[in-house]
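Undergrad: After the structure tokens below, expect a handful of questions from me.
The values are calculated or read from the model by the stated rules, or taken from the named source; none is laboratory data. Note that the structure is a prediction, hence the values are computed from the model and not measured. Reconstructed Cβ throughout: ideal geometry from the backbone, glycine too, with neighbour counts over all protein chains shown. When the accessible area is computed, the model is the full protein with side chains, heavy atoms only, and any ligands, DNA or RNA have been set aside. Shrake-Rupley method; radii C 1.70, N 1.55, O 1.52, S 1.80 Å.
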Amino acid sequence: MQRIIGGKGAPARKASPLAAAPTPTAPPAVRHVYVGEDGAGQRLDNYLVKTLKGVPKTHVYRIIRSGEVRVNRGRAGADTRLALGDELRLPPVRVAQRADTAPAPPREFPIVYEDEHLLVLDKPAGVAVHGGSGVSFGVIEQLRRARPEAKLLELVHRLDKETSGLLLIAKKRSALTALQDQFRSRATGKSYAALVIGAWPASKKVIDVALHKFLTDQGERRVRTVAPDDEDGRRSITLVRLVRQYEGYALLDVTIKTGRTHQIRVHLASEGHAIVGDDKYGDFALNRELARGQAGLRLERMFLHARRLAFDHPASAERLELEAPLPAECVRLLACLSSPH
């Protein structure tokens, strides 16, 4: 097994300002699309987000759920895996396009590991992994701009915008499908560092609570815990180890056995210990105090960091175990915390 700990990478570049407001295109019509090599193996929802550029993700999921999208003349779910030559029927959708939109600014990120098949970078907090839902661009668009010679750069998995840490990107289609298969079969190892509010009971090591993903009235994605027999729920398992108890806070090492949306954030909050700085499920008053630097403590982000990632290399089958150290702002906060009396 190869073990690698990441270090510093290239500095970020400033983004260019966006141009004019969107203008509608010609009236939409039904489209028939055939999946090529670039789309083979992708999930239906991810493929449509890329194909229907300018269409909000909320609308993409809506037309999938309603059955308006057909794969080989049949209904299909968002997680359907597409194959080479599949025929997709896409309903009429109006695509808003920006006139003279500035492309994503090229940017390299700190690289933890890279070879001809894949790369693993250390994503900063506050940077989306891809554009969409009000975000013009993310890590993958900026990386593609920085590497125009790359034939393929595709996200293998995702991290929340607010989460920092290890992000895996495929450089070959064969690597993408092999790595995604590992994630689906839970053959990977993903561990996070999380600082939560309160005293975490050391005996609490497993959270096995079903989760349900939904959209708010404003179209924002949210997740809640539900009963095990809830038809909308999906079983979700999180393993927790207490690393250190502080006065009023606890540092946890969290490993996820299922990769649900916002899983760690919702599971920890459901136990009464929200993640520090979480702007969706956390303590909003405390978050504001920390952002202002009150009481000698300062943090302007969520304290959740993807610190460890383990997987089998798609070509050599060698087990890789990669690590990214805690960001400096998280280290500084921990140094200011005191031990319990």
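Undergrad: What is the one condition in (1) surrounded by fewer than 22 Cβ atoms within 10 Å (Cβ to Cβ); (2) small (Gly, Ala, Ser); (3) closer than 29 Å to residue 118 by Cβ that residue 324 does not satisfy?
TA: Status for residue 324: all satisfied but (1).
Undergrad: Give me the pairs, please: first residue somewhere in region 168-192 and within 16 Å of residue 316 (Cα to Cα), second residue anywhere and among the hydroxyl-bearing types (Ser, Thr, Tyr) and open to solvent by 20 Å² or more (accessible area, probe 1.4 Å), beta-carbon distance under 9 Å, and either six or more positions apart or on two chains.
TA: From residues that are within 16 Å of residue 316 (Cα to Cα), the pairs are 170/177; 179/188; 182/188.
Undergrad: Which residues, counting only those in region 207-218, are in contact with a Lys or Arg (Cβ under 9 Å, 6 or more places away or on another chain) and touching a residue at least 24 places away in the same chain (Cβ under 8 Å)?
TA: 208, 209, 210, 211, 213, 215
Undergrad: Restricting to region 84-95, name every residue that is free of Cβ contacts under 8 Å to residues at least 60 places away in the same chain and open to solvent by 40 Å² or more (accessible area, probe 1.4 Å).
TA: 84, 85, 87, 89
Undergrad: Can you pull out every residue in region 63-83 that is surrounded by 15 or more Cβ atoms within 10 Å (Cβ to Cβ), not small (Gly, Ala, Ser) and not in a strand (DSSP E or B)?
TA: Those that are surrounded by 15 or more Cβ atoms within 10 Å (Cβ to Cβ), not small (Gly, Ala, Ser) and not in a strand (DSSP E or B): 63, 64, 68, 69, 80, 82.
Undergrad: Among all residue pairs at least 6 apart or on different chains, which show Cβ distances below 7 Å where the first residue, located in region 20-37, is over 11 Å from residue 92 (Cα atoms) and surrounded by fewer than 11 Cβ atoms within 10 Å (Cβ to Cβ) and the second is modelled with pLDDT under 80 and among the aliphatic types (A, V, I, L, M)?
TA: Listed pairs, sorted by first residue: 20/99; 23/99.
Undergrad: Take residue 68 and tell me if it is at pLDDT 85 or above, farther than 30 Å from residue 324 by Cβ, among the charged types (D, E, K, R) and out of contact with any Gly (no Cβ under 8 Å at 6 or more places or on another chain).
TA: Criteria met by residue 68.
Undergrad: Looking only at region 304-319, count how many residues are within 23 Å of the chain's Cα centre (by Cα) and among the aliphatic types (A, V, I, L, M).
TA: Number satisfying all stated conditions: 4.
Undergrad: Would you check if there is a residue in region 98-111 being open to solvent by less than 30 Å² (accessible area, probe 1.4 Å), within 25 Å of residue 314 (Cα to Cα), in contact (Cβ under 8 Å) with a residue 24 or more places away in the chain and not in a loop (DSSP other than H, G, I, E, B)?
TA: No; the residues of region 98-111 include none that is open to solvent by less than 30 Å² (accessible area, probe 1.4 Å), within 25 Å of residue 314 (Cα to Cα), in contact (Cβ under 8 Å) with a residue 24 or more places away in the chain and not in a loop (DSSP other than H, G, I, E, B).
Undergrad: Can you spot a residue in region 285-297 that is in a loop (DSSP other than H, G, I, E, B) and surrounded by 15 or more Cβ atoms within 10 Å (Cβ to Cβ)?
TA: Yes, the conditions are met somewhere in region 285-297.
Undergrad: Scan region 171-199 for residues that are open to solvent by less than 30 Å² (accessible area, probe 1.4 Å), small (Gly, Ala, Ser) and in contact with a Pro (Cβ under 7 Å, 6 or more places away or on another chain) and report the count.
TA: Matching residues across region 171-199 total 1.
Undergrad: Listed residues 259, 277; which is part of a loop (DSSP other than H, G, I, E, B), in contact (Cβ under 8 Å) with a residue 24 or more places away in the chain and surrounded by fewer than 17 Cβ atoms within 10 Å (Cβ to Cβ)?
TA: Exactly one of 259, 277 is part of a loop (DSSP other than H, G, I, E, B), in contact (Cβ under 8 Å) with a residue 24 or more places away in the chain and surrounded by fewer than 17 Cβ atoms within 10 Å (Cβ to Cβ), namely 259.
Undergrad: Right, something else. Pairs needed: first member in region 232-245, within 18 Å of residue 340 (Cβ to Cβ); second member anywhere, loosely packed, with under 15 Cβ neighbours inside 10 Å and among the small types (Gly, Ala, Ser); C-beta distance under 6 Å; at least 6 residues apart or different chains.
TA: Final answer for the pair search is 242/202.
Undergrad: Can you tell me how many residues in region 142-170 are open to solvent by less than 50 Å² (accessible area, probe 1.4 Å) and over 20 Å from residue 306 (Cα atoms)?
TA: Number satisfying all stated conditions: 6.
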